[in-house]
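The values are calculated or read from the model by the stated rules, or taken from the named source; none is laboratory data. Bear in mind that the values here come from a model prediction, so they are computed numbers and not experimental data. Note that each Cβ is placed from the backbone with ideal geometry, even for glycine, and that neighbours are counted across all protein chains shown.
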Amino acid sequence: MAGKPVLYYFDGRGRMESVRWLLAAAGVEFEEKLLKTRDDLEKLKNDGSLMFQQLPLVEIDGMKLVQTRAILNYIATKYNLYGKDMKERAIIDMYTEGLMDLDEMVLYQPYLPKEEKEGNLAKIKDKSRNRYFPAYEKVLKSHGQDYLVGNKLSRADVYLVKLLYHVEELDSSALANFPLLKALRTRVSNLPTVKKFLQPGSQRKPFEDEKCVEAAMKIFH
Amino acid sequence: MREVHSTYNVKITRDSITEEAQQQLKAEESGPAQRTSTGLSENQTIAGMAGKPVLHYFDGRGRMESIRWLLAAAGVEFEEKFLKTRDDLERLRNDGSLMFQQAPMVEIDGMKLVQTRAILNYIATKYNLSGKDMKERAIIDMYTEGVMDLDEMVLCHPYIPKEEKEGNLAKIKDKARNRYFPAYEKVLKSHGQDYLVGNRLSSVDIYLVKLLYHVEELDPSALTNFPLLKALRTRVSNLPNVKKFLQPGSPRKPLEDEKCVETAMKIFH
């Protein structure tokens, strides 16, 4: 109840990775129950833990929360990473939702059939370089502050930095024309909690290889 | 603590918005327009400053319909600027109004907000429809996200190519009857209260009721085995603001017909 949050997912990034990043950035220790087989998933479904029979699931403060946004919103609010008032929250939400739209394409990439991968990668490259990265670079340029909203770290900064790393894995020169995004990434990466999370041995998950994708498919499909 | 049940006022008064929102409005009304640390000059607007929200979208449901429902349920009058041609969209893009070049966009309280959830969250918070505390908000969010997952299939349906429509409809029927409706029926059964969360009206009751109407349009017997959902729908539909919104002549949009879909495709594709 007053213990650590427990994350239920498989051993991969998927939709849980943003939750791991946010908890880590907030300095919150958490446990992970990593599903390995389809039976593990069925067990959770049968004991009524999953409101919509889906993961991610996070047990936190006596609640069994599903739905990534519900989980992230709660963590952000609890640990003061959601702006100082209603209006800052609205701007943070707007920024976060844009990131999630791009992230949707990125997190799926490992799981796409071989013949669809190239097309999806082209889409990611196009949208990140032409729509999303310019939008956030523009925000940083407009106020010249260290963080996206309210001159203080928020969930939007954490999410953006995660996404910058992940897009760069797929498109190595994606950040070439975005100096302020690079500076933000450096700044956030140097925060003690994030620095720790970026080191080997943390709960951060690597880019999903074929073995990982296979394991996930067995559990979920 | 303000009572919200069947005596919900039609006219929105100072008392019915949160204390936080009152502070915001005071700050805006008392002096010249403040440039906040979050405000970009392009995101500030006169329209919607202390006036009505302005909704920018095409004349159809799409992703704007939940916003119309929520504003209406909260008793908030709003204006609509309908995009009719691709030029209308390009104009909005070129003047920097659309952060990601996409609609919906809502001008509200000096902001030009895009992204449906950002818009809905702001409205829900401002008009006291997002629970009494952090934990209620989490539950409301969880319920809302489930509704939105189903709604994604529903709102896309008119726009799907002919050959894919049957498959999508089957998916909607299956998920509605076997996953989502049972989950919400179970919630209502578990506490026996009039609303989903905290024994008072919240945004998710509105979203769910909208969804129940829209699924039923596609699948007339979808609600047969869900008496508590039907009761919730009746209860919410009888609230004065919602009742008004359900009447002809309100900003509520009908199921998109072929003409409407054609227009939308011309604007967005």
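A few points about this structure:
Residues are listed down the side, and each one gets a yes or a no for (1) part of a loop (DSSP other than H, G, I, E, B); (2) touching a helix residue (DSSP H, G or I) at 6+ places or on another chain (Cβ under 7 Å); (3) free of Cβ contacts under 8 Å to residues at least 40 places away in the same chain; (4) of a type in the set (Asp, Glu):
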site	(1), (2), (3), (4)
A:Lys4	yes, no, yes, no
A:Arg13	yes, yes, no, no
A:Ser18	no, yes, no, no
A:Leu23	no, yes, no, no
A:Lys33	no, no, yes, no
A:Leu41	no, yes, no, no
A:Lys45	no, no, yes, no
A:Gly48	yes, no, yes, no
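- The number of residues in the range A:128-148 being under 18 Å from B:Asn94 (Cα atoms) and at the interface with chain B (Cβ under 9 Å from one of its Cβ atoms) comes to 6.
- The residue of the range A:68-83 that is surrounded by the fewest Cβ atoms within 10 Å (Cβ to Cβ), among those that are at the interface with another protein chain (Cβ under 7 Å from one of its Cβ atoms) and closer than 22 Å to A:Lys152 by Cβ, is A:Lys78.
- Yes/no for B:Asp88 being crowded, with 18+ Cβ neighbours inside 10 Å and either within 11 Å of another protein chain (Cβ to nearest Cβ) or assigned to a helix (DSSP H, G or I) (or both): no
- Hey, B:Lys253 of a type outside the set (Gly, Ala, Ser), at pLDDT 95 or above and part of a helix (DSSP H, G or I) or not: no
- Considered as a group, the residues in the range B:111-155 that are over 14 Å from the mean Cα position of the chain (by Cα) and part of a loop (DSSP other than H, G, I, E, B) include one that is farthest from A:Tyr79 (Cα to Cα), and that residue is B:Asn128.
- When residues of the range A:45-67 are limited to those that are within 26 Å of A:Glu214 (Cα to Cα) and buried (at least 20 other Cβ atoms within 10 Å of the Cβ), the one farthest from the other protein chains (Cβ to nearest Cβ): A:Leu55
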